[in-house]
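Read the structure below first, then the notes.
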Amino acid sequence: MSDGGAHNPDLLALMREAYTRGVDAWSSALEDLVSSEEFAANSAQLLTLYAQQQEGIRTASRLAAESLHIPTAEDLARVAGLVANVERKVDEVSESGGAVVARLQAIEDRLGGLATASVVQTRLKAIESKVAALATVAPAAPTPDLDARLGAIEERIAAVATAPAAAPALPAELDARLAAIESRLAALASPPAATATKRTGGAAAKRTSAASKRTGTAASAGRATTARATAADES
Amino acid sequence: MTPIAAIDAAADRVPTGTTPRDVVWTRNKTTLYRYRATAPRAHTTPVLLVYALINRPYILDLRPGNSFVRHLLDQGHDVYLIDWGHYGWEDRATTLDELIDAHLPRAVARMLRSSGADHYTLFGYCMGGTMAAIHAALRPDGVRNLIALTTPIDFHQAGIHRVWTDPALLDAEVVGEAFGLVPGTLIGIGNKMLRPTANFVQVYATMAEMVLAGQDLTSWRAMNQWVNDGVPFPGAAFAQWVRDMYQRNLLWEGGLQIAAAVVDLGRIDAALLAITGTRDHIVPPPMATPLMGRVASADRTHLELPAGHVGLLVGRGARNGLWPQVSDWLASRSD
């Protein structure tokens, strides 16, 4: 007895509810199944059998077609292969042609460069002829100021070139310090050498002798080396 | 629109990859596209988008308002895309060597010629990132920037894929030879099986909710269309990908040879931006992150975002997350 539809189920909603509740579990179970080695083994075997069956059907079809003198798939494929080969050769020729065009373009670019070089040469020649023309032109009257300054410079150069080299005057303090150092060196050079310091003293004497031939800065370095050797011996 | 009509309309194809572009070069099924500028050119370094051999590359340009390509164009970049195409029976012997050693370098040369640049940015997504990284390692000259989006490098961190491709269980060469062309649907099912409930049930439950709520299904349809728009994978390349990468891990552990040249990721010296998603179950972060420690690049950035493998690139989260961060990173490295 009908009750006005109050309890008529919405089948679609029920199906949707059942699907939503179960889909995750189904998914998980199926994914576990397909990732198993048993499934892999069975599906690989099935795939191989199916492929071999397809090959068998194909072979039978080919034999039947050949017996009826009907073009087979292999015949059509052979023709298609010939077309593909021709296309490949055309492509190779086209590519070679493109390479030739590229080389011609490179040659043209180089020729263009040469043309540029000849333009530069022409311009250089024009500049040279202008310079030559300037050289033949009578020099303009020199400006008085410039002439006087040039003359003063020339006199100073001449004076420097002919005057004897005069030592520049040293500041008084520096002069006194240098004099003190020289007197101490003279004192060091004269005393008798001790046994322990013979070899170093001799070496130092050689260094001092060599250093005395150098400028003041180098000589003082040699004298410092000698002082250090002597101090080391004394310690 | 009634629910029945909406579901019926959901089967129709949605226009995707609609940003205008021109063909620059083709070779067999490979096509190099150049997108037409939508804003004044602000950067001189062109960007080459390298996609995978799995699914189609229009995920990079899914819909108006949901297009990473359009975003880059609006930022003033010169954008190119290499589309590997839809393989036929005649391509079953195509290997990764041919694509990486012949097609990709030629595409790069044509791109540089058409753009007038001598340096470029490589942007690789997933397997496309692996191919781009290998190219950058073999031919580092000219690569100014490398952006590796969820790019598998250490394949022994592949999670469930590693279990499924166990060499004791799966002989990739037998499968590749037997199929000739591995069907795109098969690879799509393989990826969906990583999250079976989400990919086989939840996606349609979501559609049902949207229909009942009267919401526009266009975005859902575009994404669903792309997910189910797999392309055939040449058997030889499939065997090489599974054997050398997943089973032997040669790219990471060394010894991978492409056209007789040993691939050394340490030769990559371009500025690197490696991007991973914390919820990416196809390329988990431990599978992609190791690239950061292997390259010789002085300029290296790792960007990790709370998104999945596809959610990183499309949707509202991508518009506010990945896109501006990538374009900001590129802006200072593209002139």
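The values are calculated or read from the model by the stated rules, or taken from the named source; none is laboratory data. These numbers were taken from a predicted model, which means no experiment stands behind them. Note that each Cβ is placed from the backbone with ideal geometry, even for glycine, and that neighbours are counted across all protein chains shown. When the accessible area is computed, the model is the full protein with side chains, heavy atoms only, and any ligands, DNA or RNA have been set aside. Shrake-Rupley method; radii C 1.70, N 1.55, O 1.52, S 1.80 Å.
B:Trp84 exposes around 10 Å² of accessible area when a 1.4 Å probe is run over every protein chain in place. The label point for B:Thr206 and the one for A:Ser94, both projected 7 Å from the Cα toward the Cβ, are 4.0 nm apart.
Between amide H atoms placed 1.01 Å from N, distances below 5 Å from B:Ile153 occur with B:Ala288, all of them 5 or more places distant or on a separate chain.
Exposed loop trypsin sites (Lys or Arg not before Pro) only (DSSP loop, at most 14 other Cβ atoms within 10 Å): please give the longest stretch of chain B free of them, not including the sites. Write out the running numbers ahead of the final one.
Values: sites that count: B:Arg13, B:Arg36, B:Arg41, B:Arg279.
Longest site-free region, per DSSP loop and neighbour criteria: B:42-278.
Label point 7 Å out from B:Ala93 along Cα-to-Cβ: which residues of region B:29-68 have amide N under 16 Å? Those under the cut-off are none; the list is empty.
Given a 10 angstrom Cα cut-off, can you work out which residue in B:Ala172, B:Ala117, B:Ala288 is the most mobile in a GNM of chain B? Among B:Ala172, B:Ala117, B:Ala288, the largest GNM mean-square fluctuation belongs to B:Ala117.
I need the shape label for region B:209-326. Rule: rounded when a/c is under 1.5, else prolate if a/b > b/c, else oblate, with a, b, c from the alpha carbon gyration tensor. In terms of gyration-tensor shape, oblate. Provide the net charge surrounding B:His309, with neighbours chosen by a C-beta distance below 13 Å and charges set as Lys +1, Arg +1, Asp -1, Glu -1. Around B:His309, the surrounding residues sum to +2. For a Förster distance of 41 Å, can you work out the FRET efficiency between the beta-carbons of B:Ala102 and A:Gln121, rounded to the nearest 0.05? The formula returns an efficiency of 0.25 here.
Net charge dipole, chain B: roughly 580 debye, given to the nearest 20, about the Cα centre with Cβ charges of +1 for Lys and Arg and -1 for Asp and Glu.
B:Asp264 sits with roughly 70 Å² accessible to a 1.4 Å probe, with DNA, RNA and ligands left out of the calculation. Model label points for B:Thr218 and B:Ser114, set 7 angstrom from Cα along the Cα-to-Cβ axis, are 2.8 nm apart. Distance between the 7 Å Cα→Cβ label points at A:Ala18 and A:Glu37: 3.8 nm. Less than 5 angstrom separates the built amide H of B:Val24 from those of B:Leu32, B:Tyr33, B:Arg34, all sequence-distant by 5 or more or on a different chain. Buried accessible surface for the A/B chain pair comes to about 2900 Å², total over both chains, computed with a 1.4 Å probe. Only Lys, Arg, Asp and Glu carry charge here, each on its Cβ (+1 for the first two, -1 for the last two); on that basis region B:175-289 has a dipole of about 180 debye about its Cα centre.
Take the Cβ-Cβ distance between A:Val131 and A:Ala102 as r, set R0 to 60 Å, and report the resulting FRET efficiency rounded to the nearest 0.05.
Details: r = 44 Å, r/R0 = 0.73.
The value I calculate is 0.85.
Taking square-rooted eigenvalues a ≥ b ≥ c of the alpha carbon gyration tensor, is region B:155-194 rounded, prolate or oblate, where a/c under 1.5 means rounded and, failing that, a/b exceeding b/c means prolate? Oblate, since a/c reaches 1.5 and b/c is not below a/b.
Counting Cα-Cα pairs of region B:180-235 in 10 Å increments starting at 0 gives whole-percent bin shares of 22, 43, 26, 8, 1. 3J(HN,Hα) along region A:89-104: 5, 4, 5, 5, 5, 4, 5, 5, x, x, 5, 5, 4, 5, 5, 4 Hz, from the Karplus curve 6.51 cos²θ - 1.76 cosθ + 1.60 with θ = phi - 60°, whole Hz, x for Gly and Pro. In this structure B:Ser115 has an accessible area near 30 Å², from a 1.4 Å probe over the protein heavy atoms. Give me the distance between the Cα centres of region A:28-50 and region B:1-73, rounded to whole Å. Centre-to-centre (Cα) distance: 35 Å. Proximity of backbone amide H atoms, modeled 1.01 Å from N, is registered between B:Val47 and B:Asp78, B:Val79, B:Tyr80, B:Thr121 at under 5 Å, excluding neighbours fewer than 5 places apart on the same chain.
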